[in-house]
1. Once the Cα atoms of the chain are picked out, what are the Rg and Dmax in Å?
2. Starting from the alpha-carbon convex hull of the stretch 64-145, give the projected area averaged over all orientations, in nm².
3. Using +1 at the C-beta of Lys and Arg and -1 at the C-beta of Asp and Glu, which of L137, T74, G37 has the Cα lying farthest in the positive direction of the dipole of the chain?
4. Given a Förster radius of 25 Å and the C-beta distance between T65 and D119 as r, what FRET efficiency does 1/(1 + (r/R0)^6) yield to the nearest 0.05?
5. Sorted from largest down, give the three principal axis spans of the alpha carbons of the stretch 4-60, whole angstrom values.
6. I'd like the FRET efficiency for Q81 and F144, computed as 1/(1 + (r/R0)^6) with the beta carbon distance as r and R0 of 22 Å, rounded to 0.05.
7. With charges set only on the Cβ (+1 for Lys and Arg, -1 for Asp and Glu), what does the dipole of the chain come to about its Cα centre, in debye to the nearest 20?
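Nothing in this text is a laboratory measurement; each read-out follows from the coordinates by a stated rule. Keep in mind it's a predicted model, so treat the numbers as computed, not measured. Every residue, glycine among them, receives a Cβ derived from its backbone with ideal geometry; neighbour counts consider all protein chains shown.
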Amino acid sequence: MSPALAWYRRIVVGVLCLIVGGGGAVLLSVWASWYWGAAWAVLALAVLVTGWILAGLFRGSWGYTEGAEELYLTYGVFVRQLVVIPYGRMQVVDVTADLLEQALGIATVQVRTAASTADTRVVGLPLAEAVRMRDRLAARSESFSTGL
């Protein structure tokens, strides 16, 4: 995964903490007292620091490999998960990137399967790698599903 994935998460958490923390601190200072406003700002800062650390751990937790017959995906900071998706079950493989992901040069590969509960995504790939992965998975999906 690209190091930009951690920056993506940090920017999102930072903006949310700035909006909620700053806005809440101002409102509490006006409506209650400066003490409550300061306490809210300290709480927002603690959330920001925690989110900053978890963003790096989150990036390091993602991994994938393309096996002979399945795609293996592992992720999770507190609870590790291993997802195995047979190529023959893949129906749609998409590459998506929101505006921030585009600015950071990363994308998400989303894999949709016959069972909606097995849909998954590979996040934080460099855009060129995401496009190559989509093409490989789509080709393997077609070759494995022809025998059904």
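1. 20.0, 70
2. Working: hull surface 22.1 nm².
In nm², the orientation-averaged hull projection of the stretch 64-145 is 5.5.
3. Checked the options; the winner is G37.
4. On the way: r = 19 Å, r/R0 = 0.75.
So, using R0 = 25 Å, E works out to roughly 0.85.
5. 42, 14, 8
6. On the way: r = 23 Å, r/R0 = 1.06.
Between Q81 and F144 the formula returns 0.40.
7. Details: 11 positive and 10 negative charges, 49 e Å.
Value, rounded to 20: 240 debye.
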